[in-house]
Amino acid sequence: MENASPRGGGVDPANLDEPQLLKELETIHRTRHETLLHGSPDALDAHNSRMAQLEGEYLRRHPRRQVAASRTREGAR
């Protein structure tokens, strides 16, 4: 399946349009806490991998995204 991600965890993020990518990111961030607390080791590994794929694709598409000063080391001091 050419649209599958390398680990089989859904559609390759590069093949998602912008609204789909954002929806996938929202979903994975929303489910993160529950997976961390109660997911099996395999589920947590899959979640980590998929999150890295989705976030990596977002950063690839938006390398010059706005960064809040309060979210930097210097701004947090």
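The values are calculated or read from the model by the stated rules, or taken from the named source; none is laboratory data. Because the structure is a prediction, the values reported are computed rather than measured. Here the Cβ positions follow ideal geometry from the backbone for every residue, glycine too, while neighbour counts run over all protein chains shown. Ligands, DNA and RNA are excluded from the accessible area calculation, which covers all protein heavy atoms including side chains. Shrake-Rupley method; radii C 1.70, N 1.55, O 1.52, S 1.80 Å.
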Residue-normalised value, i.e. accessible area per residue, for the chain at 1.4 Å probe, in Å², stands at 79 Å²
Karplus couplings for region 27-42 from phi (6.51 cos²θ - 1.76 cosθ + 1.60, θ = phi - 60°), rounded to Hz, Gly and Pro as x? 5, 5, 5, 5, 8, 4, 4, 5, 5, 4, 6, 10, x, 5, x, 5
Amide H proximity to VAL11 below 5 Å, modelled H, separation 5+ or other chain, gives SER5
Grab the DSSP H runs of the chain that are 4 residues or longer, score each as -39,500 (n - 2.57), total them, divide by all residues and round the 222 nm result to the nearest 500 deg cm²/dmol. -19500 deg cm²/dmol
Along the dipole axis of the chain (charges at Cβ: +1 for Lys and Arg, -1 for Asp and Glu; origin at the Cα centre), the most positive-end residue among HIS33, THR72, VAL11 is THR72
So how many Å³ per residue does the convex hull of the Cα atoms of the chain work out to? 116 Å³
How large a share of the accessible area of region 3-75, in percent, is made up of carbon and sulfur atoms when the probe is 1.4 Å and the other protein chains stay in place? 51 percent
